[in-house]
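Data block below; observations after.
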Amino acid sequence: MYFHRIGASGYALGKITIAAAPVNGGFWLGHAAVIDGIRETIDKRMRAELPGDEGSIASAPITGKRDAISTPVNDAMYVSSLAHVLSISGYHMAVVAGIVFFFIRAGLALIPSMASRYPIKKWAAAAALAAATFYLLLSGAEVATQRSFIMIAIVLAGIMVDRPTLTFRTITVAALGVLLLSPESVVNPSFQMSFAATLALIAAYQHGLPWCATADTSRGARIALWGGREIVGLILASFVAGLGTTPYAAYHFHRTAPYGVIANLLAMPVVSAEVLPMGILGVLAMPFGFDAIFWKLMGYGIT
């Protein structure tokens, strides 16, 4: 609150009366008001279609609002090591950018004359970057979201200029960018856990288990054919990310999640295949008024 120049906090016990501002707030205040209005509208719409904790959980990865989740459910998410689903970070940003990139490129590839003449891959990367930017603004731009946006922006920019991206350098640039914007976040558990999990995952996939990334051998090909590579990858990701964040969670929150690997292995495929895609489609369909079906499908996945 100090770094945000907030001197006090409190509660309003009476009816709130909206008064006109004494001076013009300027561009940035107007921009913040517009974004907050969009977040409020989406949040209310989702919770109207999905009452209770379902709607509150559904709103969290889309709008970043987590205050309406009941205490027992919130505690259960932390105990099971699934609280990262509620915090918009690299996973959510990657899913949003990946879905937009895939569908834009796949749609353009269906037009042979366009696919053979124009760089549709770069166009898809530009569209994915625009979607990720909107998602960053819509979510409230927390530290973990800033980190994931910078890393994904570097990857997408590399696609557009035909340059490969090195992930260790990417996370370094992301750390420098976040610290330039808010240097006080280095002592925040969100900063520490987000970067610890990401660094652990990068190190594991680049140096720890190279056979999981390719299927060059006949054995690797057979394992990949039966989905073993994906299962091992999920187990590895859950274990490594949990191992990287456990010291920080124990220090800041005085708790650990020993069943985190099992919980993530069971829950994350549902989140990836149903919850987040339905949320994205719901936001896109909202201006046209037929978003209710997507919120319902999203709710089934959350349940």
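Picking from Ser113, Ser81, Ser87, which residue would you name as being out of contact with any Leu (no Cβ under 8 Å at 6 or more places or on another chain), among the polar types (S, T, N, Q) and part of a helix (DSSP H, G or I)? Just a single option satisfies the conditions, and that option is Ser113. Of the residues examined, Ser113 is not one that is polar (S, T, N, Q) and in contact (Cβ under 8 Å) with a residue 40 or more places away in the chain. Note on segment 116-146: residues that are in contact (Cβ under 8 Å) with a residue 60 or more places away in the chain, not in a helix (DSSP H, G or I) and not charged (D, E, K, R) amount to 1.
Need pairs with beta-carbon distance below 9 Å; first residue small (Gly, Ala, Ser) and within segment 280-291, second surrounded by fewer than 18 Cβ atoms within 10 Å (Cβ to Cβ); sequence gap 6+ or separate chains. Sorted first by the residue in segment 280-291, then by its partner, the pairs are Gly282/Ala292; Gly282/Ile293; Gly282/Leu297; Ala285/Ala292; Ala285/Ile293. Name every residue in segment 174-208 that is farther than 22 Å from His4 by Cβ, surrounded by fewer than 16 Cβ atoms within 10 Å (Cβ to Cβ) and not polar (S, T, N, Q), in order of residue number. Once the filter is applied, which keeps residues that are farther than 22 Å from His4 by Cβ, surrounded by fewer than 16 Cβ atoms within 10 Å (Cβ to Cβ) and not polar (S, T, N, Q), segment 174-208 yields Ala203, His207, Gly208. Reported count of residues in segment 249-290, each being surrounded by 20 or more Cβ atoms within 10 Å (Cβ to Cβ) and not hydrophobic (A, V, I, L, M, F, W, C), is 4.
Suppose we filter Thr214, Thr165, Thr170, Thr245 for residues that are modelled with pLDDT under 70, under 21 Å from the mean Cα position of the chain (by Cα) and either closer than 24 Å to Ile88 by Cα or not acidic (Asp, Glu) (or both); which single one remains?
Details: Thr214 fails: under 21 Å from the mean Cα position of the chain (by Cα); Thr170 fails: modelled with pLDDT under 70; Thr245 fails: modelled with pLDDT under 70.
The conditions single out Thr165.
Within segment 82-127, being hydroxyl-bearing (Ser, Thr, Tyr) and surrounded by fewer than 14 Cβ atoms within 10 Å (Cβ to Cβ) holds for Ser113, Ser116, Tyr118. Among residues of segment 13-41 that are at pLDDT below 85, those with a Cβ under 7 angstrom from a residue that is part of a helix (DSSP H, G or I) and among the hydroxyl-bearing types (Ser, Thr, Tyr), sequence gap 6+ or separate chain, pair up as Arg39/Thr63.
With the condition kept exactly as written, say whether any residue in segment 3-12 is over 21 Å from Phe294 (Cα atoms), modelled with pLDDT under 80 and not charged (D, E, K, R). Yes, because at least one residue in segment 3-12 is over 21 Å from Phe294 (Cα atoms), modelled with pLDDT under 80 and not charged (D, E, K, R). All conditions but one from (1) assigned to a helix (DSSP H, G or I); (2) on the phi > 0 side of the Ramachandran plot apply to Ile159; the one that does not is (2).
Which residue is surrounded by the fewest Cβ atoms within 10 Å (Cβ to Cβ), if the candidates are limited to segment 58-78 and must be of a type in the set (Val, Ile, Thr), in contact with a helix residue (DSSP H, G or I) (Cβ under 9 Å, 6 or more places away or on another chain) and not in a loop (DSSP other than H, G, I, E, B)?
We begin by selecting, within segment 58-78, every residue of a type in the set (Val, Ile, Thr); these are 62-63, 69, 71, 73.
Narrowing further to those that are in contact with a helix residue (DSSP H, G or I) (Cβ under 9 Å, 6 or more places away or on another chain): 62-63, 69, 73.
If we keep only those that are not in a loop (DSSP other than H, G, I, E, B) as well, we get 62-63, 73.
Working: Ile62: 24, Thr63: 23, Val73: 14.
Among those that are of a type in the set (Val, Ile, Thr), in contact with a helix residue (DSSP H, G or I) (Cβ under 9 Å, 6 or more places away or on another chain) and not in a loop (DSSP other than H, G, I, E, B), it is Val73.
The values are calculated or read from the model by the stated rules, or taken from the named source; none is laboratory data. From a predicted model like this one, the values you see are computed outputs, not experimental measurements. Note: ideal-geometry Cβ built from the backbone for every residue, glycine included; neighbour counts use all protein chains shown.
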